[in-house]
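Visitor: The structure follows.
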Protein chains: 2
Amino acid sequence: MEKLCTLLGDKYDDNLNARQSHSHGEDGKSGKIADAVVKADCLDDVVKTVNYCRDNKIKLTPFGAGTSLEGHVVPVEAGISLDLSAMNQIINISEHNMTARVEAGVTRQQLNHFLRDKGLFFSVDPGSQATIGGMASTSASGTNAVRYGTIKQNVMAMQVVMANGAVIETGTAARKSSAGYDLTHLFIGAEGTLGVITELLVKLHPIPEHIVVISAQFNKINDAAQLVSELMQTGMMMARIELLDALQMEASIAYSGLAGFDKKDTLFLEVSGGLRSVTEQSEFIAQLIADNHGFNHKIADNEQERKILWQARHNAFYAARAFASRKSGASADTIQAMITDSCVPPDRLVDTLLEVHDELAKSGLQGPIVGHMGDGNFHVQLMIPNDDLMIIRAKKLVGTISDIAIRNGGTCTGEHGIGMGKIAYLQKQHPDLIPWMRLIKQSFDPDNILNPNKIFTL
Amino acid sequence: MEKLCTLLGDKYDDNLNARQSHSHGEDGKSGKIADAVVKADCLDDVVKTVNYCRDNKIKLTPFGAGTSLEGHVVPVEAGISLDLSAMNQIINISEHNMTARVEAGVTRQQLNHFLRDKGLFFSVDPGSQATIGGMASTSASGTNAVRYGTIKQNVMAMQVVMANGAVIETGTAARKSSAGYDLTHLFIGAEGTLGVITELLVKLHPIPEHIVVISAQFNKINDAAQLVSELMQTGMMMARIELLDALQMEASIAYSGLAGFDKKDTLFLEVSGGLRSVTEQSEFIAQLIADNHGFNHKIADNEQERKILWQARHNAFYAARAFASRKSGASADTIQAMITDSCVPPDRLVDTLLEVHDELAKSGLQGPIVGHMGDGNFHVQLMIPNDDLMIIRAKKLVGTISDIAIRNGGTCTGEHGIGMGKIAYLQKQHPDLIPWMRLIKQSFDPDNILNPNKIFTL
């Protein structure tokens, strides 16, 4: 590695601390420890590193904020961890086009902070402080997807460094294009196995004039699901439709102080637009809540109140971890997070949730559930103290829940990706697709340098 | 071909009429004549044909409704034209999931007719009677894209027959998924070069409660463009934003009898939703029209009136052809249609349109313009009588307009695809991407059987 060190100077780091901190994400998955970390701060650093790794048959694993939940950033076969978090320039904002050009290491919070006075925002909002490059690589989404789409609908073009060192630009600044194979969408969700994303052109959206968050609580999860189903079928353009189940509410009330809420299954429903439009929709939703036995119906119509609710929702992961820590007496940083990510067709959502609740009860484990109900995507947040038997039981349960989703015509991952954690489930879900994914991988990265052994094994 | 004839019986047709009618789309592009046509009516027919072609090194060109505008269906190297229009079963509608499973030969009109009593519709609406398989293959969109997205956002999964005869299913019925490489998006816009699409799972949308179409006319196209720009930046969820320029209005008034409209640049703006929301938005738009010097402001708020406007918009191609026929004295079926398909970033739209108008004037050709203004996509509809010199001039102009779009940071094709017609422009627009597209093609279809010489040359 001496030559790489010479090439990159102090951006090359082989001390153990850096290597260890770059060898895992926010879940418990692990593999080898990286041989060294390269902290790239420009395109040229990335190209040099890729060329070096390819020429010397050294594996390379891209690393963003390290918030992955499926082991994407684990250097399974050691080699270089290529940290892009210092590539955090916001290159250009076009207010007219409502786009931002950013380096891959820009986080969504950084971009939205930068945009705060422009009346625009970037909509994709996973819970974590993720980088936008990482979000594209894992095909992320979040609470806004029901209205603004996932990252798939919000990336227009990307600059990518390919395994042969070529730098390509996958799209244009036009809002649509039919110009040949859609390579932008190929790199989204490819988890760094086909190329290293270095820049992105993303869509921004105008901040709506009026926003209200309507919340309601339910004694039966079926009622909440039935409400969502009726709501979606009106075609009303909902901004967000989020579920926190009773156990998650218990955790979130403790962590985020949600005054006035009970430990009951809860929906947060966001509506936005012109004043009359918002009023009209809020009235309609109030009726739906009453029809579906909802109670504790609240309306948050100022920014402060809304922020409390969405902060609590975004902190659901940390709330669940703190809850498990309190219950088990284990310290939070020793707790292993295993977060399921099933997404099922809307007509299978209630049955799936009930089946998952049954399996949870059978397992004896506690798993607060949060769900992007408008998309049919939900997360069981298993937080397991360092106990081998419980970890085995939790792994089994994660598998069972993936199987349930697949059996119900859905997917084992709605927004977290396959990484190391779901390779077996991708094999169950799409056995017919993996040979074609392999062909693409082999033709783009013939030496299998880029993030090897993720998504599928070669 | 005897063996193929034996395999497929009367679905195999080698009479000259069938071969000729399957050797071109709705534009003037041509190549060889197919050696035979296979009219598949089930998956098995497609698999048999693909296997036969591969084993015997015979080229295969998929054919839907034959409405392509870039020569996608032309069998450039002869071989089999695989007609999928008889695969027109609507397999399943899920009202709860708001999805339809259809065979590739179902047309959008057929699907929407079938849905007429269900309160749901399929939104992607190119002007023609296209098949949904063809629309996916060419990455089509239409007037609804500004609200509901292009076909890219409306196909959830596809069944595809691969060159090796394998039948794959690219997605699930869940509304999102991060399960490995996004093969659904890879086949969308691949123009049948990577596999033959046989079934699709598509999204449906609820028909909005209230719909109004607001129209206004302008003396200067800049004013219309300025209005659209201001409108988009409000974030108001517009259903459609269409421009017909003064020449197109002249053609459309003659063809579609648009009573009360002048031969002026015209916007059709559709708003939908709840009654109060629609009223609020209509009032806002009325103000924008006044601010931007619009006149002849009309509101079409019943189905009959709206239908007249959208029918006229969808018939813009035929109106332009009839107009050219009348002007030149040539019969409509001898007129060659060359339709540009540029799409540019919003902030370049006005300048691009003005530059295109200049080039049109310089060329001495007439080209009515229609535009999906919300997306920055516009079509110059050159309708050229059978006159060699004029055809040369028109081809040159089409090239100039593609160059203008690329120079302005846009794309030579927003929704028609590359086909035969735009190969040189794809090379100008994305020279860095073509090597990677080629690698995918070569690994998926190593014998280069499927629709050869489309998008790029090998």
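The values are calculated or read from the model by the stated rules, or taken from the named source; none is laboratory data. Everything numeric here is computed off the predicted structure, so don't read it as measured data. Neighbour counts run over all protein chains shown; Cβ positions are idealised from the backbone, glycine included. Accessible surface is based on the protein model in full, side chains and every heavy atom, while ligands, DNA and RNA are left aside. Shrake-Rupley method; radii C 1.70, N 1.55, O 1.52, S 1.80 Å.
Visitor: Given +1 on the Cβ of Lys and Arg, -1 on the Cβ of Asp and Glu, and no further charges, what dipole in debye does chain A carry about its Cα centre, rounded to the nearest 20?
Guide: Computed about the Cα centre, the dipole is about 380 debye.
Visitor: With a 1.4 Å probe and every protein chain kept in, tell me what percent of the accessible surface of chain B is carbon plus sulfur.
Guide: Ligands and nucleic acids excluded, carbon and sulfur give 49 percent.
Visitor: All other residues with a Cβ under 10 Å from the Cβ of B:PRO452 taken together, and with Lys, Arg as +1 and Asp, Glu as -1, what is their net charge?
Guide: 0
Visitor: Which angle between 0 and 90 degrees, to the nearest 10, do you get for helix B:303-314 versus the longest principal axis of chain B when only C-alpha atoms count?
Guide: Rounded to the nearest ten degrees, it is 60.
Visitor: Taking the 0 to 90 degree range and rounding to the nearest ten, how far is the long axis of helix B:388-407 tilted relative to the main principal axis of chain B, both from C-alpha atoms?
Guide: That works out to roughly 80 degrees.
Visitor: In what sequence, largest accessible area first, do A:ILE211, A:ILE392 appear using a 1.4 Å probe?
Guide: Greatest to least solvent exposure: A:ILE392, A:ILE211.
Visitor: In the range B:1-139, with Lys and Arg counted as +1 and Asp and Glu as -1 at Cβ, which of these residues, B:ALA78, B:ALA104, B:THR138, has the Cα nearest the positive end of the dipole, that is, farthest along it?
Guide: Selected residue: B:THR138.
Visitor: Angle between the Cα long axis of helix A:316-328 and the longest principal axis of chain A, 0 to 90 degrees, nearest 10?
Guide: Taking the Cα atoms of chain A, the angle to A:316-328 is about 80 degrees.
Visitor: Need one number: % antiparallel among DSSP beta bridges in the range B:1-105, to the nearest 5.
Guide: The antiparallel proportion sits near 45 percent.
Visitor: Tell me which of B:ALA361, B:ILE406, B:ILE207 sits at the most positive position along the dipole axis of chain B, charges placed on C-beta atoms (Lys, Arg +1; Asp, Glu -1).
Guide: Toward the positive end, the furthest listed residue is B:ILE406.
Visitor: Here's another thing I want to ask about it. Post the alpha-carbon centroid distance, the range B:428-453 to the range B:76-137, in whole angstrom.
Guide: What the calculation gives is 27 Å, centre to centre.
Visitor: To check you understand DSSP bridge types, tell me what percent of the beta bridges within chain A (both residues inside) are antiparallel, rounded to 5.
Guide: Restricted to chain A, the bridges split so that about 85 percent are antiparallel.
Visitor: Assign unit charges at the C-beta atoms only (+1 for Lys and Arg, -1 for Asp and Glu), then state the dipole size of the range B:166-222 relative to its Cα centre in Debye, rounded to the nearest 20.
Guide: 280 debye
Visitor: Would you compute, from DSSP H runs of 4+ residues alone, the mean residue ellipticity of chain A at 222 nm, taking -39500 (n - 2.57) per run and dividing by the full residue count, rounded to the nearest 500?
Guide: The per-residue figure over chain A is -11000 deg cm²/dmol.
Visitor: Summed for both chains, how many Å² of accessible area, to the nearest 100, are buried between A and B with a 1.4 Å probe?
Guide: Summed over both sides, the interface buries about 6800 Å².
Visitor: Continuing with the same structure: If you add up the charges near B:ALA78, with Lys and Arg at +1 and Asp and Glu at -1, over every other residue whose beta carbon is less than 11 angstrom from its beta carbon, what do you get?
Guide: Counting the neighbours of B:ALA78, the net charge comes to +1.
Visitor: Now for a different question. When a/c reaches 1.5 or more, the comparison of a/b and b/c decides; with that in mind, is the range A:125-175 rounded, prolate or oblate per its Cα gyration tensor?
Guide: Oblate shape, in that a/c is at least 1.5 and b/c is the bigger or equal ratio.
Visitor: Per q in 0.17, 0.19 1/Å, what log10 I(q)/I(0) does a Debye calculation on the alpha-carbon atoms of the range A:262-346 return?
Guide: Summing over Cα pairs of the range A:262-346 leads to -0.94, -1.05.
Visitor: Here's a follow-up. Any idea what the alpha-carbon Rg over 2.2 N^0.38 Å comes to for the range B:337-458?
Guide: Relative to the 2.2 N^0.38 Å estimate, the range B:337-458 comes out at 1.14.
Visitor: Still on this structure, please answer the following. What are the semi-axes of the equivalent ellipsoid for the range B:1-94, taken as the square roots of 5 times the Cα gyration tensor eigenvalues, largest first, in whole Å?
Guide: 20, 19, 11
Visitor: How many nanometers, to one decimal and shortest first, lie between the label point of A:ALA361 and those of its other copies, if labels sit 7 Å from Cα toward Cβ?
Guide: Inter-copy label distances (nm, one decimal, shortest first): 7.7.
Visitor: What whole number of Å gives the distance from the Cα centroid of the range A:329-391 to the Cα centroid of the range A:260-325?
Guide: Using only Cα atoms to place each centre, the spacing works out to 21 Å.
Visitor: Now a separate question. Note the distances from B:ASP387 to each other copy's matching label point, with points 7 Å along the Cα-to-beta-carbon direction, in nm, sorted shortest first.
Guide: Here B:ASP387 shows inter-copy label distances of 8.7 nm.
Visitor: Here is a further query. Shortest first and in nm to one decimal, what separations exist between B:ALA332 and its copies in the other chains, measuring from label points 7 Å along the Cα-to-beta-carbon line?
Guide: 7.0
Visitor: Just how large is the dipole of the range B:251-338 about the Cα centre, in debye to the nearest 20, putting +1 at every Lys and Arg Cβ and -1 at every Asp and Glu Cβ?
Guide: 440 debye
Visitor: Also, quick follow-up: In sequence order, what are the phi-derived ³J(HN,Hα) couplings for the range B:151-162 according to the Karplus relation 6.51 cos²θ - 1.76 cosθ + 1.60 with θ = phi - 60°, rounded to whole Hz, with x for glycine and proline?
Guide: Karplus values, whole Hz, x for Gly and Pro: 4, 4, 8, 10, 10, 9, 6, 9, 9, 10, 9, 8.
Visitor: Net charge near A:SER128: determine it from the other residues with C-beta under 12 Å of the C-beta of A:SER128, scoring Lys and Arg +1 and Asp and Glu -1.
Guide: -3
Visitor: From largest accessible area down, sort A:LYS48, A:LYS396, B:LYS203, A:LYS220; use a 1.4 Å probe on the protein chains.
Guide: The ranking, largest first, comes out as A:LYS396, A:LYS220, A:LYS48, B:LYS203.
Visitor: Just the accessible area per residue of the protein assembly as shown, please: how many Å² with a 1.4 Å probe?
Guide: 34 Å²
Visitor: What is the set of long-range amide H partners of B:GLY374 at a cut-off below 5 Å, with H atoms built 1.01 Å from backbone N?
Guide: B:ILE241
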